[in-house]
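Here it is: the structure, laid out below.
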4 protein chains.
Amino acid sequence: MITLTTAGESHGKGLVAVLEGLPAGLTVDMGAINARLAVRASGYGRGARQTIERDEAEILSGVRNRVTLGSPVTVFLCNRDYENWEACMAPEGCDVSVRKLTGVRPGHADYAGMKKFGQSDARNVLERASARETAVRVAAGEICRQLLSVLGVSVSGYVRAVGAVEDGMEYDFSAIAGERSAVLGMMDPALERKACAFIDACAAEGDTCGGIVELRVLGLKAGFGSCMTYREKLDARLAAALMSVQAVKGVETGLGFGAARRRGSEVHDELFPAEGGCMRRTNRAGGIEGGMSNGEELVFRAAMKPIPTLKRGLNTVDAATGKPVRAAAERSDVCAVLACETVCEAALAIELASVVSERLGGDTVEELKSRYEALA
Amino acid sequence: MITLTTAGESHGKGLVAVLEGLPAGLTVDMGAINARLAVRASGYGRGARQTIERDEAEILSGVRNRVTLGSPVTVFLCNRDYENWEACMAPEGCDVSVRKLTGVRPGHADYAGMKKFGQSDARNVLERASARETAVRVAAGEICRQLLSVLGVSVSGYVRAVGAVEDGMEYDFSAIAGERSAVLGMMDPALERKACAFIDACAAEGDTCGGIVELRVLGLKAGFGSCMTYREKLDARLAAALMSVQAVKGVETGLGFGAARRRGSEVHDELFPAEGGCMRRTNRAGGIEGGMSNGEELVFRAAMKPIPTLKRGLNTVDAATGKPVRAAAERSDVCAVLACETVCEAALAIELASVVSERLGGDTVEELKSRYEALA
Amino acid sequence: MITLTTAGESHGKGLVAVLEGLPAGLTVDMGAINARLAVRASGYGRGARQTIERDEAEILSGVRNRVTLGSPVTVFLCNRDYENWEACMAPEGCDVSVRKLTGVRPGHADYAGMKKFGQSDARNVLERASARETAVRVAAGEICRQLLSVLGVSVSGYVRAVGAVEDGMEYDFSAIAGERSAVLGMMDPALERKACAFIDACAAEGDTCGGIVELRVLGLKAGFGSCMTYREKLDARLAAALMSVQAVKGVETGLGFGAARRRGSEVHDELFPAEGGCMRRTNRAGGIEGGMSNGEELVFRAAMKPIPTLKRGLNTVDAATGKPVRAAAERSDVCAVLACETVCEAALAIELASVVSERLGGDTVEELKSRYEALA
Amino acid sequence: MITLTTAGESHGKGLVAVLEGLPAGLTVDMGAINARLAVRASGYGRGARQTIERDEAEILSGVRNRVTLGSPVTVFLCNRDYENWEACMAPEGCDVSVRKLTGVRPGHADYAGMKKFGQSDARNVLERASARETAVRVAAGEICRQLLSVLGVSVSGYVRAVGAVEDGMEYDFSAIAGERSAVLGMMDPALERKACAFIDACAAEGDTCGGIVELRVLGLKAGFGSCMTYREKLDARLAAALMSVQAVKGVETGLGFGAARRRGSEVHDELFPAEGGCMRRTNRAGGIEGGMSNGEELVFRAAMKPIPTLKRGLNTVDAATGKPVRAAAERSDVCAVLACETVCEAALAIELASVVSERLGGDTVEELKSRYEALA
């Protein structure tokens, strides 16, 4: 079983990811990890911080000469800005009265976290709750993707909607994977231009926006996940993975909510005889039936809420005084849907790699490969 | 930590649920469990089997004189029909050539399960994959709900849509909980009549339909779940619970997918000063910020696909011959959205009880209660 | 991953075991399960209850026509005596003032359990803490042993000591497995006669005794468990399994505590060239190096304390009155080391099957078999 | 629940520990962590490496101004020797033909690990299997000990035996904790001198030795662990923790194996009336009955085998050639029982902190404290 543990504060020394259960013998492409981190920091509508910081992953353990050993792999992402924060963040001792935040920000973890952890300073909550954590998930996710790729399984995706600008097309990823735009990660250039205009409009009003991302998995054989216990259901596990991404408020697979609105005859994917077995002409199930992959492409969508930090400031209350204040705007992204898409791909790849390794077992990449090939 | 293990085949001896981690001292209301099972079997559009079978839960362990001991609680649901199936289902020996099913049914676990488990008879897959399993989750869920209720936390819900007949209202459950109709579980009688008509239309054509259910949790204090690790996020855990329910294809919380379409200023719930702290005028977040409950009502919606067994039969392939056939219709429900709603409530209650017991710890109900009351 | 969940009170309706993660296609030998249960109830020094009750396992789920389906397997062991206890034990309602026990029994869970679960009646604790629970672990363990046996892995054992009567021989189980006596499970008839005499002496004085059991696993290839994380270490996992058996107070592998007393040159198993690789002339490591099986026989020993219920009654305190009393003797075994050995075999088989299934993955017995055969 | 994840190779960049589930508000004493690391590196009979390297823990996350945030705490231990190993160990690229080890060392993970992970170079196995990993467990264990200490629970221990030089005394740790010698960690100076002489004798012959350590926990209330499921038993969990320490081959609690040799009347701890309840005059159970703490001192012993790397070299086989060779002696400790004791204390503290946090729940130290105080 592959498991990921992450740690690290947004303005602390850095972020840590420990991946356990990777087989020995996987060649890790560091360049691809850093490229993925660059995509996470990109996208029309991102603020200043992203352009300054360029994340570079460092591997601290589990890899020798670019190849995994079968031991836990640790990835470290240095926070390049730490020197500016050391005085108020250092574990070894610092002045915690600096950068105190008491005006709890709506849409953030501040309010609930302060109650939960008995804090009078939201800084002690937000440092970990921040989406900065997702950077190291992207790095770990890229390693998992590289493992899946050895088996012929690919994870990709695109931005389907920014605000109300939504792409209704059904794309055939087995044909066109990767042809999305670098600007916002959308497939349709005309829609993307509209989306950029919408982002500009939001920015002009000090507002923010979210969107919808679609994830695709090609090459996965039938029978991953299980119908035998509810905890093993593939859709449940992947839904949790996506919902665990900061700002995601909804997840669906296949037709998703749309399936609820149609009749059965318009939803279920009929089977037809084909060479060597059978085939389907539709994939409305999103590749999952009975909690298991059915051999078709996996299709998931996740809804990202707008970034909760608005330049114009939302109404809130100062926890120290009880007085109304405007929420501070520490970060100035207007739209981060492409980042969210990148993180969702990573989250999916991590959980899927775990599912795959549970079914295949195995201690080496060669073992996983030969077992995967032997599956029906 | 509360964990649930379920077992049992659809036409086997019965279904088993083992609930571990319940505190000692909880009075179990068996009548309420059976009432909940009756709701699960009810609803306009259900087939013949449901009216014949009336589930009655039996407790095999963990309870003495109606009170939990702190030991694992086992619930057994006898399959009343077993005598008619014993000849082809008995563990001790039977004729497995009877009731063989080789025409893999679209929308079911048949295809993937046969590949996964090396079966030539889909019976060996479908018996466990069947939604019959959810009956025992409903029983276990009712026990968890009774535990939550001791803390003042209530779980309820209603049917929001049947097919395209959708209720767009925002209901205030703190005022009206339980006022839904018994026919289909909808809140608006006029819409429910339309929904029934839609079910009739589907039935007339040998078709089926699904719908959308909405779940509500009242009385939950802030700080359940956590922003500190992605696995502990409350929304991720509850999403997995709901997605693990048979036929659910999408889950959202608060505005959900709708949040992706709005601007930040229309999504985030501002805070205002109030007696003893602060208050909100909206709950678009569905009671969760930063992966934690924020003290507002939890709101989740789940999308159920139409029942995949259509009377008119879908096109498929016979796995034994490779020839095209019509999928068999073993079961004849047209609509089971109210059942789905009941199961979703149960799934939510089980996972939420687990989350609550992790934060509170405790070995007795009294301990949980006093710790809950001491929370901020 | 194979996991076992058990439930059930000693004088309740019965005991329940749910085994999750068994592959499909395993033929379950019910006769062997019941034979194993009979051994657990046997042995010189057992009291009256054991001779009356003959446990018969019933399978409630997961098996069809004697073959596993890949779904959770439920085993039920009816408590034949329940009718005599129903009046004070029934979940549905009963008189809990009957059979109340307030004189906390030394060596039992009574004292700690009453504090933990807020009970004034030790009955509410002891019913679950009782070694009766191990019966269903024996049943589940036998199924796991049958799975291991398909791979050519056997689990066996014998009674090495009863009280101070200890067998110091090193037996070669690859040659003599199963040649132990049925009376007490010892290998040496002369020592066994001495052990029986010791049991008689204890009985005559209203006293009890324990002993030491030795477990052996033959046929396990190298590389089960792992050196890569401390939680995966095979010795740690198997030690926990054995220590979880009621009355076990110590566990060792290979030379165990004896290794601490020797020099390195007398402990480590040297390797010598052999056809097709290498061989060892000793197995002082007990088949485990670096937390992994090394291809040699696994050897574990567990120490069982004397049964804590003495006919002559130990000094204790009545929790209700605070007055000194003699502890009650509800059960009258003098020695149950053979039962303990049977349970330890089961506990070992369960955990080992879990370890094996994690490394091999797989959904069918055929898959596990071919993957096991492909291992180096 | 508190969980620890460790990573890192012996000659890699360093070791990583991530502690999840610590409550917010714990003041971390870094000096105490480094002091503990110094003890781990000390002890009569240690080799050269230990005196050169002085471990200093660095905290990378989860702590601000010396106080925990409730987020995962990462500890990093730099391998000071890495610059000398970078050329053959660097993750980013290195020459893996350097420092290749093919003569599999008896008593190490080499043989099994090479088979498991398909390696022809034992370096790829031993780097992680090495006891170097325990350094970071000591650091994490010290943090857990500091948490326990806030509740008034202390974890300590001493070296009870070195080789056959064994201390048979029963020490009263509530009176004398900490009075052990710094030379070898033994309590009795005369015995310690004998132990040192034994170590000298082993060293003179190029041999090694092990020993026995005893662990004590004072201040733990009754009811930790559980009698209700076998996985929750306190003795099983702590036994696994100790057995997971490199070189430990046996674990016992209370009288342990000695209990198997006595009669029941000589083993079980009778209760007598006392002010405010009852008391015991003996603690042969080692503070655990029915899988739960009973309010007495916890007593565990672990047996450490002799260090498997002997200066004189054991017979073995070169995996590359199949020829007999002498095992290499990369490390030259003769005795490391004091180090083992330090690691065992840490392993115990980590698992115990986890057990404690499961029962108490809680997000802040204050919450844990008040809940602990409220326990019976």
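Ratio to report: Rg/Rh of the protein assembly as shown, with Cα atoms as the point set and Rh obtained by the Kirkwood method; give two decimals.
Over the Cα atoms of the protein assembly as shown, Rg/Rh equals 0.95.
In terms of modelled amide H atoms, which long-range or inter-chain residues lie less than 5 Å from the amide H of D:L15?
Those lying under 5 Å, H to H, from D:L15 are D:L77, D:C78, D:N79.
Now for a separate question. Mind giving me the nanometre distance, one decimal, between the label points for A:T3 and D:A164, set 7 Å out from Cα along Cα→Cβ?
4.4 nm
About the Cα centre, and with charges only on the beta carbon of Lys, Arg (+1) and Asp, Glu (-1), how big is the dipole of the protein assembly as shown? Nearest 20 debye, please.
In total the dipole reaches around 0 debye.
Among A:284-292, B:198-206, how do they line up from the highest to the lowest mean number of other beta-carbon atoms within 10 Å?
A:284-292, B:198-206
Does anyone have the angle between helix A:134-150 and the longest principal axis of chain A? Alpha-carbon axes, 0 to 90°, nearest 10?
For helix A:134-150, the angle is close to 10 degrees.
Provide an ascending nm list, one decimal, of label-point separations from A:G219 to the equivalent residue in each further copy; define each label point as 7 Å from Cα along Cα→Cβ.
Relative to the other copies, A:G219 has label-point distances of 3.8, 5.2, 5.6 nm.
If you don't mind, there's one more thing I want to ask. Just going by the charge dipole of chain B, with Lys and Arg at +1 and Asp and Glu at -1 on Cβ, which of B:A303, B:A175, B:V73 is farthest out on the positive end?
Projecting each Cα onto the dipole axis, the largest value belongs to B:A303.
Starting from the Cα of D:N315, step 7 Å toward the Cβ, then list every residue of segment C:282-296 with an amide N under 17 Å from that point.
C:282-285
When chain B is modelled as a GNM with alpha-carbon springs shorter than 10 Å, which of B:N124, B:N283, B:N315 fluctuates the most?
Per the Cα network of chain B with a 10 Å cutoff, B:N315 tops the list.
Here is a further query. Could you please point out the chain C residue with its Cβ nearest to the axis of the rotation taking chain C onto chain A, and the distance in whole angstrom?
C:G361, 2
Given the DSSP H assignment, sum -39500 (n - 2.57) over each helix run of at least 4 residues in chain B and divide by its residue total; what's the result at 222 nm in deg cm²/dmol, nearest 500?
About -10000 deg cm²/dmol.
Report, in debye and to the nearest 20, how large the dipole of segment A:140-275 comes out about its Cα centre when Lys and Arg carry +1 and Asp and Glu carry -1 on their Cβ.
Value, rounded to 20: 460 debye.
Something else now. Partner chain Cβ atoms within 10 Å, averaged over the residues of A:99-106 - can you pull that number for me?
3
In a GNM of chain C with a 10 Å cut-off on Cα contacts, which of C:A349, C:A195, C:A274 has the highest mean-square fluctuation?
C:A274
Could you state the angle between the C-alpha long axis of helix C:189-204 and the longest principal axis of the C-alpha atoms of chain C, as a value from 0 to 90 degrees rounded to the nearest 10?
Helix C:189-204 sits at roughly 20 degrees to that axis.
Give me the dipole magnitude in Debye, nearest 20, for segment B:3-373 about the Cα centre, with unit charges on the beta carbon: positive for Lys and Arg, negative for Asp and Glu.
Using Cβ point charges on Lys, Arg, Asp and Glu, segment B:3-373 gives about 880 debye.
Hey, what D do you get for chain A in µm²/s if you plug the Kirkwood alpha-carbon radius into Stokes-Einstein at 25 °C and 0.890 mPa s?
112 µm²/s
So, one more: In peptide C:207-219, how many Cβ atoms from other protein chains are near each Cβ within 10 Å, on average?
Mean number of neighbouring Cβ atoms from other chains: 3.
Moving on to the next point. Which one of A:V136, A:L126, A:G163 has its Cα pushed farthest toward the positive end of the charge dipole of segment A:95-169, where Lys and Arg give +1 and Asp and Glu give -1 at the Cβ?
Highest projection toward the positive end goes to A:L126.
List the pairs from B:K369/D:K233; C:K194/C:K221; D:K13/D:K194; B:K233/B:K369; C:K369/D:K311 whose alpha-carbon separation is above 32 Å, in the order I gave them.
Check vs 32 Å cut-off fails for C:K194/C:K221; D:K13/D:K194; C:K369/D:K311.
Within 10 Å of each Cβ in peptide B:25-38, how many partner chain Cβ atoms are there on average? Round it to a whole number, please.
Mean shielding by partner chains, rounded to a whole number: 1.
Residue by residue through segment A:209-225, which ³J(HN,Hα) values in whole Hz follow from phi under the Karplus form 6.51 cos²θ - 1.76 cosθ + 1.60 (θ = phi - 60°), with glycine and proline marked x?
Once rounded to whole Hz, the list reads 8, x, x, 10, 10, 10, 10, 10, 10, 10, x, 7, 5, 6, x, 8, x.
Continuing with this model, one more query. In a GNM of chain D with a 10 Å cut-off on Cα contacts, which of D:P23, D:P308, D:P273 has the highest mean-square fluctuation?
D:P273
Using a label point 7 angstrom from Cα along Cα-to-C-beta, what distances in nm, from shortest up, separate A:G152 from the other copies?
3.0, 5.9, 6.5
Considering the options D:M1, D:A349, D:L101, tell which one lies farthest towards the positive end of the dipole of chain D, charges being +1 on Lys and Arg and -1 on Asp and Glu at the Cβ, about the Cα centre.
Of the options given, the answer is D:L101.
Quick one: which residues, 5+ away or cross-chain, put their amide H under 5 Å from the amide H of B:G295? H built at 1.01 Å from N.
B:A222, B:G223
Compute the distance from the alpha-carbon center of segment C:4-83 to that of segment A:280-341, in whole Å.
49 Å
Tell me the distances, shortest first, between D:D95 and the same position across the other copies, using label points 7 Å along Cα→Cβ, in nm to one decimal.
Listed shortest first, these distances are 5.2, 7.6, 8.8 nm.
A further question on this structure: With θ set to phi - 60°, apply the Karplus curve 6.51 cos²θ - 1.76 cosθ + 1.60 along segment A:334-349 and write out the HN-Hα couplings as whole Hz, x wherever there is a Gly or Pro.
9, 8, 9, 5, 5, 4, 4, 4, 4, 5, 4, 4, 5, 4, 5, 5
Values in this text are rule-based calculations from the coordinates and carry no lab data. Bear in mind that the values here come from a model prediction, so they are computed numbers and not experimental data. Methodologically, a virtual Cβ is constructed for each residue, glycine included, from the backbone with ideal geometry; neighbour enumeration extends over all protein chains shown.
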